[in-house]
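Take a look at the structure set out below.
Any read-out appearing in this document is the output of simple, stated calculations on the displayed coordinates, not a laboratory observation. Remember, it's a predicted structure, so these values are computed and weren't measured experimentally. Glycine also receives a Cβ, built like all others from the backbone with ideal geometry; neighbour counts cover every protein chain displayed.
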Amino acid sequence: MLMPTKIVKPVDSLFSISAYILKIVSEIKIIDIDSLHKELNKSYYKKVSFEQFLLSLNFLFIINKVELRNETITIKL
């Protein structure tokens, strides 16, 4: 589920989910975590569990692409 393999399709990996999260945050600029999860489930081709969502957000924090300020997510420039 974390990385694409022979069993896990690339679109089901956290890399793909993280890309969608970055796209949403870049369009909206500032969004809280719950709203971001709802927007992700609207735009992603299948339902993303909250666990997958949080793992994707953690990945984006680790690679320094997003930051959390006052309970909102923003893209780090």
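Pop out the Kirkwood hydrodynamic radius of the range 1-70 from its pairwise C-alpha distances, inverse of mean 1/r, in Å to one decimal. Please report the intermediate quantities before stating the final value.
Values: mean 1/r = 0.0816 Å⁻¹.
The answer is 12.3 Å.
Compute, for the chain, the length of the dipole vector about the Cα centre, with Cβ point charges of +1 (Lys, Arg) and -1 (Asp, Glu) only. Units Debye, rounded to 20. Working shown, then result.
Values: 11 positive and 8 negative charges, 61 e Å.
The dipole of the chain has a size of about 300 debye.
Can you name the helices of the chain, as whole DSSP H runs, whose Cα span along the helix axis is 20 Å or more and whose Kyte-Doolittle mean is not below -0.5?
Numbers: long enough: 14-28 (21 Å, 1.55).
Those that pass (Cα extent of 20 Å or more, hydropathy at least -0.5) are 14-28.
Run through the range 1-75 and list the GluC sites (Glu not before Pro) located in a DSSP loop whose Cβ has at most 14 other Cβ atoms within 10 Å.
On the way: sites: GLU27, GLU39, GLU51, GLU67, GLU71; in loops: GLU71.
Sites meeting the loop and neighbour criteria: GLU71.
With the dipole of the chain worked out from charges on the C-beta (+1 for Lys and Arg, -1 for Asp and Glu) around the Cα centre, which of TYR44, VAL8, ILE21 lies farthest toward the positive end?
Among TYR44, VAL8, ILE21, the one farthest towards the positive end of the dipole of the chain is VAL8.
Calculate the spin-label point distance for GLU51 paired with ILE75, positioning each point 7 Å from the Cα along the beta-carbon direction, and give it in nanometres.
The modelled label-to-label distance comes out at 3.0 nm.
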